[in-house]
1. Kindly evaluate B:Glu542 against the criterion of being assigned to a helix (DSSP H, G or I) and in contact with an Asp or Glu (Cβ under 7 Å, 6 or more places away or on another chain).
2. Testing B:Leu375 on (1) within 25 Å of the chain's Cα centre (by Cα); (2) on the phi < 0 side of the Ramachandran plot, one condition comes back false. Which one is that?
3. Is there a residue being within 30 Å of A:Ser195 (Cα to Cα), at the interface with chain B (Cβ under 7 Å from one of its Cβ atoms) and surrounded by fewer than 22 Cβ atoms within 10 Å (Cβ to Cβ) anywhere in segment A:42-51?
4. Given the conditions (1) modelled with pLDDT under 95; (2) buried (at least 24 other Cβ atoms within 10 Å of the Cβ); (3) within 12 Å of another protein chain (Cβ to nearest Cβ); (4) farther than 30 Å from B:Tyr156 by Cβ, report the number of the one that B:Ala962 does not fulfil.
5. Is it the case that B:Ala433 is in contact with a strand residue (DSSP E or B) (Cβ under 7 Å, 6 or more places away or on another chain) and either closer than 28 Å to B:Leu362 by Cβ or in contact (Cβ under 8 Å) with a residue 60 or more places away in the chain (or both)?
6. Output yes when any residue across segment A:2-16 is assigned to a helix (DSSP H, G or I) and free of Cβ contacts under 8 Å to residues at least 60 places away in the same chain, and no when none is.
7. Go through B:Asn52, B:Asn48 for me and flag whichever is within 14 Å of chain A (Cβ to nearest Cβ), among the polar types (S, T, N, Q) and assigned to a loop (DSSP other than H, G, I, E, B).
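The values are calculated or read from the model by the stated rules, or taken from the named source; none is laboratory data. Everything numeric here is computed off the predicted structure, so don't read it as measured data. Positions of Cβ are backbone-derived with ideal geometry, glycine not excepted, and every protein chain shown enters the neighbour counts.
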Amino acid sequence: MSSDLDVFVGNTTLIDEEVYRLWLDGHSVAEAVARRLRGGVLEREGTSVAVLQSDTRDHYRTFQMLERLLHAPPRLLQQLLFQIPPERQALLVQRYYAFDEALARELLGKKLSKGTKKELDEVSARTGVGIRSCRRQFDNFKRVFKAVEELRGPLAENIQQLFLLPPALARDYAAIVFFANSRFETGKRRLQFLSFGDFAACAQSMMAHWSQGALAPEAAEPDGDLPKSFLQDLKELKVLVSDKDLLDQHKRDTSGMGVPVLGGPGFGGSLGGGVPALSRALVNVGGKLTHARDVRDFFVDLVEKVIEPCRSDKWSPGDLRLFLTHYTAAPRNLPGFRHQALWERYMAAISACLLRMYHD
Amino acid sequence: MPGKLKVKIVAGRHLPVMDRASDLTDAFVEVKFGNTTFKTDVYPKSLNPQWNSEWFKFEVDDEELQDEPLQITVLDHDTYSANDAIGKVYIDIDPLLYSEAATVISGWFPIYDTIHGIRGEINVVVKVDLFNDLNRFRQSSCGVKFFCTTSIPKCYRAVVIHGFVEELVVNEDPEYQWIDRIRTPRASNEARQRLISLMSGELQRKIGLKVLEMRGNAVVGYLQCFDLEGESGLVVRAIGTACTLDKLSNTSAFLPACNSPSKEMKEIPFNEDPNPNTYSSGPSTPLKNQTYSFSPSKSYSRQSSSSDTDLSLTPKTGMGSGSAGKEGGPFKTLLRQQTQSALEQREFPFFTLTTFPPGFLLHVGGVVSARSVKLLDRIHNPDEPETRDAWWAEIRQEIKSHAKALGCHAVVGYSESTSICEEVCILSASGTAAVLNPRFLQDGTMEGCLEQRIEEASPPGCGFCHIPYDELNMPFPAHLTYCYNCRKQKVPDVLFTTIDLPVEAIVVGKGCLIQARLCRLKKKAQAEANATSISNLLPFMEYEVHTQLMNKLKLRGMNALFGLRIQITVGENMLMGLASATGVYLAALPTPGGIQIAGKTPNDGTYEQHISHMQKKINDTIAKNKELYEINPPELPEEIIGSPIPEPRQRSRLLRSQSESSDEVTELDLSHGKKDAFVLEIDDTDAMEDVHSLLTDVPPPSGFYSCNTEIMPGINNWTPEIQMFTAVRVSRLSNINPTNQTLNKNFNDLCENLLKSLYFKLRSMVPCCLCHVNFTVALPEDELVQIAVTAVAITYDKNQALQANKAPTEKSQQRASTDNEEQLQFPLELSSDPLSSQPFSPAKEALEGASSHTGIPAAQRDRCNSWIELIKLKAQTIRRGSIKTTTSLEKASPLAEGYLRHRSVPSGTNSTVSVVKMTPLSFLPGAKITKYLGIINMFFIRETTSLREEGGVSGFLHAFIAEVFAMVRAHVAALGGNAVVSYIMKQCVFMENPNKNQAQCLINVSGDAVIFVRESELEVLPAPPPAAAAQPAGSAGDVTT
């Protein structure tokens, strides 16, 4: 006696968290049943495999019907088809949009295109995340990206409103969108030591300090793009390295702050050019940002030109912090330097990024 | 009373994309009532149109108002081709026609299409202005209230219970009209939906007229069903109980929650509120509401009513009041005469109620039922109702005569049903024969009842068990004993009824769901041969169903069945019987004997061994069940220790023995010691199978109880957490050569597995009870069996049970004693029973709320307010950092506009969906129903031609049932309600054709829309405004967009 049709519909939609997780992970009904069996439900509840199968199928059907709504979470709140208590709705959305950091790390800075989606097989193999789950997460990234791409105002806030995500998750999505938008290179070998969290933190600092929204909430440009005028202005900072006087002065001021390490033997020695080299690197990174191609290399440059030299010089994170603080503050005393505000805005994000990235 | 119907179309949302090119829709709305149609403007290029139309006004007479549904069609405007329909909304405006029900219907309704399901939502406001008109010859019955609830609705008092009303209307089924060959499935489905809606309206109006004629003002226990007869037509029929109800004005007064609906009635001070609807002042009128044209020349319809009713009753009813109580006897006769006179005026003294006001039900005789097999293709004049009327009249006559045979004048818990397969139709009716107190049945008898009080000699807890028939002239052989409660009157050894357990009944332990399941093969045959073979099988099925019930009852150590419902379904090549009931141990009835197995061949040693082994197993099961259901009859000495107030019990016993004559006492003892065993004879393998199947019924997992009645005997401390659900299964009987045994086993497994899977699904609600478990069996095709179950799971508080015991018992005792003063000598007995029904204490709720760690989070379990609050909270978190209101993104055009923050779209508090609870019960635990808003009676058809794409049959039906729930909730919310009580899925007809990738399903549901208030809130808010909270996603949200 086989059951052709078998459904259970509650007035309040039943959501089994365990089954939801299995569904999100992309398991088929059969796999899900097998996993639940291994979880020992049978023994606990004294039920049969057939019951478990029927239950799993019911939940899967519900989730499939819910998925359409999960693509636009505010609709989940408004729809009449499923009566789900708000905290359960929140859970559904949160879990649906939660992602594997390993996967997100792989995709950071990549174009969220069909081509990338085709490469997910490899990504899945590398990260150990199921391919179906990879696709779903990729689609989530893409959906969020598309939704906020054109919107003005703080990225994270927009995402939070459109997808009803918790603030932390919305900020992570903002980072993903930011990276996808600027297409930063993150895949290079020398960047491998950086985690998704590092990049997300960098993106947040960059958006916080550099984007238009940071200055004027009613900004005209979307937050995901770095404002053109700002990037243009950054060229002006080159004066700090091109003008010999200013460079020297800057160096002197920085070292003159009485920072022991900067005056120490390592400093200037193994850095090969010392503060001037570091300074040139820091300023040049900013100057290059007007060209899309150079923007991509932003993190590569930071690692190659700043972090690696410092590391080989055995600076502690504390040393770096000290240096950056003084280095940022120094131009204040430079005569004829008119870009103090710009400099500080620029350095605020750079410092935050460097400090976050400065680890093994 | 002509009236003016006013409709305003406010807005739409989430419409489907109708124009692939632009990914948008140019929507407009047609509003149709009767023959008048209005249209809104086209709202171009939007999936969230804001029509904000003018008020469309329809001037119509009230007959039309009652019959016609308001029909709203959403269309996509197309310049070059025909406009495409997006979907429809049918709104029954009946609730607006009673003075006390809803005043406005306003809210978001799902736009429904029979092919695509729900496609977006539409916000509509509907109002009715009625003009008074005192036309005496009116055809309408506006103002008569309808309730599906089978008890006196909570905020009303029954002044008079008039009795049975029925009506039946017939029409041609649009699906079978010639035009169906050329029209689209959508058009055909819509024609059907509209027709049924119209017929329901007409039916309700006609019944209303009968009620007015009887001087009633309401119909309670209204049950409407439709029969798809196929070629011969579409029948919509309804039965109900006409009443004169009086609204209790101080409904907001806080009352301790009583899990029993009718008990509450009693406590509320009877406020003779001069309600305009009270018709009670008039003199009693003879009722002649039914005029049947019996056409005696029924030779064309082969008919055989199974007259085995007595048989099916045989062992379960006891009798004989005649000699019983010495004082009681003469009074009883007097009483009976009075009742008789009140009831004899009625053609059918039937009541569809299952729960009654205290004192209404005097004695219960037993179940009466009648069935009859008819051939639909022999109906002389299929378009007229006469033939069907005559069929039903015949069956009702039979029921009436059965009741008479049991010494009863009335039938309560009465219901009717049909099962149709091709041209054969089985009509069934069943009920419980009873003797009623006449004081509710006549107008102006309230004074008379004072005198009668003296005669109501039967104690409240056991009176209904006392036999109504003459002991010396018993209608069937039965074993009688003196009542174990009052020791004065005779009671039967077993009692079967179709009603709910009376509130005052004294029950030992808990109850449980008992089912008898049976399949019988039948040869495929045509017409009369078919009908003959079916009618020949019916008595055997009834007998076997009865035997099974009896065995299972004994196996659980119980002695009474309530809510018995026997469903016989006819298919092409088999008959299926499914009986469900709730077994209990009534303290008034004797302890059931065990089951003894007797073999036919006593010489065979191994056989003997086998039998003794079986016997042991059975005995073990009985013992286990007794423990599981806590059946410890108070007669056992150890029970006295366990009971909270042992001492008074002894005293009461003393008291009793004083008042009794000595021979009665000896006789008592005799019957006490004699535990007659039920003997099962095993004479062949069949019987062996039967015994085996007896033992295969698995008890529910721990923490679960189940029953098919309103309340679970023995559990009183319900929490407000409820979960109503519908489960449907269709199974294929794969046997090539099926035998009755294999079929029985398959069917049994199917039911058991279904129950098992329900327990598993609801495991997070433990400890909980499945109440009102309602199984419906259908045989849609040759080898397919379809089972649909609707029930509600209610969590109860395990720990509170014991503590709640003491205080409330006193209360219930008081309640009982104020009712019948002369019972004062027995109150101790009442309180000594720890398991008699008690109200649960409101304090418990707080306690329970604090420690809510059941799987489902606390907030879910109650009030819609908390839901809304949560959403508010959420909205606030979202808003943080931005001063502007929250927005919701409708994927479409707004994106391009940018400035997300400047748009304030509904998504804040006012656009959250209000919670609507649904329950098949007439009450909500821990809540008080403050207003009945009207009946919900909806019929939907869903069809698909892309079955695979919609997830196969399961995906299709899952979505459809969810849609039906959603539409019911939306209608209730639009009426301003927050719950549906007495919800029932009356029909679920599913047909599939996998080869063509098609399926079709029809669902008919009904219930009462209500407003409820949590008892905990009642204390705080004397005038609760839940209606406001329940007002759906309002118009406020739209305006801002």
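1. The answer is yes for B:Glu542.
2. (1)
3. Within segment A:42-51, none of the residues are within 30 Å of A:Ser195 (Cα to Cα), at the interface with chain B (Cβ under 7 Å from one of its Cβ atoms) and surrounded by fewer than 22 Cβ atoms within 10 Å (Cβ to Cβ).
4. The single condition B:Ala962 does not satisfy is (1).
5. Considered against the rule, which asks whether it is in contact with a strand residue (DSSP E or B) (Cβ under 7 Å, 6 or more places away or on another chain) and either closer than 28 Å to B:Leu362 by Cβ or in contact (Cβ under 8 Å) with a residue 60 or more places away in the chain (or both), B:Ala433 comes out as yes.
6. Scanning segment A:2-16, I find no residue that is assigned to a helix (DSSP H, G or I) and free of Cβ contacts under 8 Å to residues at least 60 places away in the same chain, so the answer is no.
7. Of B:Asn52, B:Asn48, the one residue that is within 14 Å of chain A (Cβ to nearest Cβ), among the polar types (S, T, N, Q) and assigned to a loop (DSSP other than H, G, I, E, B) is B:Asn48.
Per-residue answers, yes or no, for (1) in contact with a helix residue (DSSP H, G or I) (Cβ under 6 Å, 6 or more places away or on another chain); (2) surrounded by fewer than 17 Cβ atoms within 10 Å (Cβ to Cβ):
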{"residue": "A:Ala281", "(1), (2)": "yes, no"}
{"residue": "A:Val285", "(1), (2)": "yes, no"}
{"residue": "A:Glu304", "(1), (2)": "no, yes"}
{"residue": "A:Glu308", "(1), (2)": "no, yes"}
{"residue": "A:Pro317", "(1), (2)": "no, yes"}
{"residue": "A:Phe323", "(1), (2)": "no, no"}
{"residue": "A:Thr328", "(1), (2)": "yes, no"}
{"residue": "A:Pro331", "(1), (2)": "yes, no"}
